[in-house]
């Protein structure tokens, strides 16, 4: 699937490293997206399940505030039809186009009581408690992208706007397999910054060293400088990535954002290097063993996503 080519809607501020007008101390590259003006953003080209998913989530967000959503979902005591339905509809939308869901989360609307992100956050807690496959369902319910990539180039930054996580490595990667999240911002490879811009099927993400260290410590894993350095992305290497769209700041009609690893996903903090076709999974997080074939993990997620999206009561 090609990246989203709507340059008037999504623009990467990469080559010039311009700063967001509402966050002028921010240093690394970022993306800008126009916010939707009609909610839910329905159109005639959507499939029936996508239309239903938008209507269901919009109804929830019109009716319940975030604490009410959390109370309702946390009241479930088993992996029941309610949880399966909510996971189904959020997964349909995120898998199809995470940017649309992200835009809804950041759009201004006076009649909404909550946002789709509130549903996903509450659902993720229920997944941990009740899902039969938490190692698969936690990433599916919390990430925006699951991708197999090859890193083409990296740039290191010191982000002086951050209070703690200042050490940034921005990586641009070509995408070989989309497991979840089929539309993403366009980007150009760093090698092309000084030559004519060329649109490629790629994604740019920002890994913070301090966040990786903290996530490892939270899991009781070693977090010395050598270990952390080994996890940070490197050029010409392949990775299985778990990524999250993250807001930097917003204006009346647009939102500025970046893409971070989902640091909570397992021992490699969302950045799993593929070595000899395998990944290291110290905690057997994905349920495929501690040194599984990357393709086996991809297949497990692909199968699980399809099961979730096609579930019927």
(request) Output the residues belonging to the stretch 224-243 that are without any contact (Cβ under 8 Å) to a residue 60 or more places away in the chain and farther than 22 Å from residue 144 by Cβ. (result) 224, 225, 226, 227, 228, 229, 230
(request) Those residues that are part of a helix (DSSP H, G or I) and either over 25 Å from residue 122 (Cα atoms) or without any contact (Cβ under 8 Å) to a residue 40 or more places away in the chain (or both), I need them from the stretch 33-60; list them, please. (result) 48, 51, 52, 54, 55, 56, 58, 59
(message) If I go through the stretch 60-86 residue by residue, how many of them are within 21 Å of residue 105 (Cβ to Cβ) and either surrounded by 14 or more Cβ atoms within 10 Å (Cβ to Cβ) or touching a helix residue (DSSP H, G or I) at 6+ places or on another chain (Cβ under 6 Å) (or both)?
(response) 13
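So that you can scan it fast, the table gives a plain yes or no per residue for (1) over 20 Å from the mean Cα position of the chain (by Cα); (2) surrounded by fewer than 18 Cβ atoms within 10 Å (Cβ to Cβ); (3) modelled with pLDDT of 95 or more; (4) in a loop (DSSP other than H, G, I, E, B):
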| site | (1), (2), (3), (4) |
| --- | --- |
| 135 | no, no, yes, no |
| 141 | no, no, yes, no |
| 151 | no, no, yes, no |
| 163 | yes, yes, no, yes |
| 169 | no, no, yes, no |
| 172 | no, no, no, no |
| 176 | no, yes, yes, no |
| 191 | yes, yes, no, no |
| 203 | no, no, no, no |
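Per-residue answers, yes or no, for (1) over 17 Å from the mean Cα position of the chain (by Cα); (2) part of a helix (DSSP H, G or I); (3) more than 22 Å from residue 135 (Cβ to Cβ); (4) at pLDDT below 95:
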site: 227; (1), (2), (3), (4): yes, yes, no, no
site: 240; (1), (2), (3), (4): no, no, no, no
site: 243; (1), (2), (3), (4): no, no, no, no
site: 252; (1), (2), (3), (4): yes, no, yes, yes
site: 264; (1), (2), (3), (4): no, no, no, no
site: 299; (1), (2), (3), (4): yes, yes, no, no
(request) Of the conditions (1) touching a residue at least 40 places away in the same chain (Cβ under 8 Å); (2) outside any loop (DSSP other than H, G, I, E, B), residue 221 clears all except one; give me its number. (result) (2)
(request) Check residue 1 against each of (1) in contact with a strand residue (DSSP E or B) (Cβ under 6 Å, 6 or more places away or on another chain); (2) assigned to a loop (DSSP other than H, G, I, E, B); (3) modelled with pLDDT of 90 or more and name the one condition it does not meet. (result) (3)
(request) Just give me the residues in the stretch 266-296 being over 19 Å from residue 181 (Cα atoms), in contact with a strand residue (DSSP E or B) (Cβ under 7 Å, 6 or more places away or on another chain) and in a strand (DSSP E or B), in sequence order. (result) 273, 274, 278, 293
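The values are calculated or read from the model by the stated rules, or taken from the named source; none is laboratory data. Just so you know, these numbers come straight off a predicted model, no measurement behind them. Reconstructed Cβ throughout: ideal geometry from the backbone, glycine too, with neighbour counts over all protein chains shown.
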